[in-house]
Structure formats: C-alpha cells, structure tokens
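K.L.:
Just passing along the structure, written as structure tokens.
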Amino acid sequence: MGGFGGENGPDLSRLGERDPNQLNFRNVPGDRTLTNWIVQHFRSPASTVAGSLMPAQRLSDEQLDLLTLYMLSLRRRSLPDVFLPKDRVTAMRFGGREFATDPATLYTTVCSSCHGKAGQGTRFAGYPPNPSITNPDFLALASDDFLSAAIKRGRPGRPMLPWGERQNGFNDAEIATLVAYIRSLGGGVQFAGDTMPARWVNADAALGERLFTSNCAGCHPGRDRSDRGVYQDARQQLNCVRN
C-alpha cells in the first residue's frame, strides 16, 4: 500500500474506490456491495476469488468490520495538508514512514504475517509453512550479518522478499534494530558459530561404492561402466518388466 509492502498480492492503495459492478459475486452471499464483498473475501479468500493465494485468517466479526472499514477508507483525497495527519504529510512530502519505526512495530508491520507474532513460524492449509526465525538452534547458527542480508536482499527461490532493496525499503539502521528484536523474541540467543571443521565427516569409500552399485548405477555410469553399458542394462531391466 502506498508503495510499501510485499509482491504476492495486489496493490490496495485505492481499494475503497473499486466499482462493485466489476467484482464477481458468484460465491458471495448477501448484498452486492463493495462492503459485503470485502468482508467475504477476508472470511474466505479462495472461494471469493478463484485461485487466490491469500490464506484464510481466523478473524472475529469485530476484526472483520475494522479491516473492512479501513479498506473502504483507502481512497484518493485532495485535502490541504492541514487536514491530514502529520505522519501522512511526512510520508507524502518527505518520504517518511506512516508507521512508527521502533523494532516491534517494524516486525509487526512486515514480518509477523509470515513468521508469526513471536517469530514461531506459521502454517496455513494448502500452503508451504513459513519457518520459525526465533528457534534457539537457528539463532545460535545465524550471525547478525546473515540475518541482515536475508532481510535486506531476501532469499532467492523462497517467498522472503528483499525488504532493504526496494522502494521505501528498510534502511540499515532499521534492519539492525529488527535483527536485535528477532534475537530478543528468541530469548536473547546470540550467534555461537559452528566450531567443527569445514569437512568433518569420516566416510567409508568402499561402503559408498556398494551403495552406489546397488542404488545409483542403474541410471548413472560409475567408474567401471560406460553410458552404453548402463543403457543396455536399463533396456534389459525394462524387457524383464514387460515380459
């Protein structure tokens, strides 16, 4: 909203101006109004919008009413600055935040929807689980540099977005306070590091060769097999199955 937020859902900056005649009410009981559509969408996103990626939230009727009222307020207004809240003027004129920048507010605004109110992770039916970021074992192995880089640059191939490399993204000071706050949620566990050597596994090559021959050689040529030999073995196995 207003240039700040994730990328998995549509921009809600002016949702309150949507024309209800352009909405699909096929699976929406009740009045064909924008208010009713928003309420039902919060209550059951997937049935209201086919293919919606928004998970269903367990919200009370009062919470639904509050969220709907806020959504309806998202409209374009041409008002003198004197009639606007100071945080809105600061955001519009100077690029400031419309919300507080203390770590608890930053975490609640951005992180809690995926990682939970206390960083414990979340799980919604039909969606991949979001991991815990306050697990003591994780925090002991995750350095501040790692956590800062994950927040700033995201995690490629995962839903984690680059919150420091985007329009109106977090600055370095905000990221540092977030890292400290995440550690406080996890009981203050600090980075301990891994004291084991980079390669500490004692392996048995002979056992590995037997495992490879039994499980892998049917598709992958080993030291004493050629591609042609593996292909012929595969054909023989296939003929045995067919017969």
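K.L.:
Applying the selection to the stretch 15-64, what residues are more than 26 Å from the chain's Cα centre (by Cα), surrounded by 14 or more Cβ atoms within 10 Å (Cβ to Cβ) and charged (D, E, K, R)?
P.N.:
Correct list: ARG18 only.
K.L.:
Right, something else. With respect to ALA180, is the statement that it is loosely packed, with under 12 Cβ neighbours inside 10 Å, modelled with pLDDT of 90 or more and in the same structural domain as ALA100 (by TED's automatic domain parsing) true?
P.N.:
Answer is no for this residue.
K.L.:
Looking at the stretch 183-202, which of its residues are at pLDDT 80 or above and charged (D, E, K, R)?
P.N.:
The one that is at pLDDT 80 or above and charged (D, E, K, R): ARG183.
K.L.:
Moving on. Going by what's in this entry, would ASN215 be described as modelled with pLDDT under 75, loosely packed, with under 12 Cβ neighbours inside 10 Å, more than 30 Å from ASN135 (Cβ to Cβ) and among the polar types (S, T, N, Q)?
P.N.:
No, not satisfied.
K.L.:
Still on this structure, please answer the following. Which of the numbered conditions does ASP102 fail, given that it passes all the others? Conditions: (1) closer than 24 Å to ALA56 by Cα; (2) surrounded by fewer than 18 Cβ atoms within 10 Å (Cβ to Cβ).
P.N.:
Going through the list (1) closer than 24 Å to ALA56 by Cα; (2) surrounded by fewer than 18 Cβ atoms within 10 Å (Cβ to Cβ), ASP102 breaks only (1).
K.L.:
Restricting the first residue to the stretch 170-198 and requiring it to be within 24 Å of GLY6 (Cβ to Cβ) and free of Cβ contacts under 8 Å to residues at least 24 places away in the same chain, which pairs with a second residue that is of a type in the set (Val, Ile, Thr) and surrounded by fewer than 17 Cβ atoms within 10 Å (Cβ to Cβ) meet a Cβ separation below 8 Å and a spacing of at least six or different chains?
P.N.:
Matching pairs, first to second residue: none at all.
The values are calculated or read from the model by the stated rules, or taken from the named source; none is laboratory data. Remember, it's a predicted structure, so these values are computed and weren't measured experimentally. We place every Cβ from the backbone using ideal geometry, glycine too, and count neighbours over all the protein chains shown.
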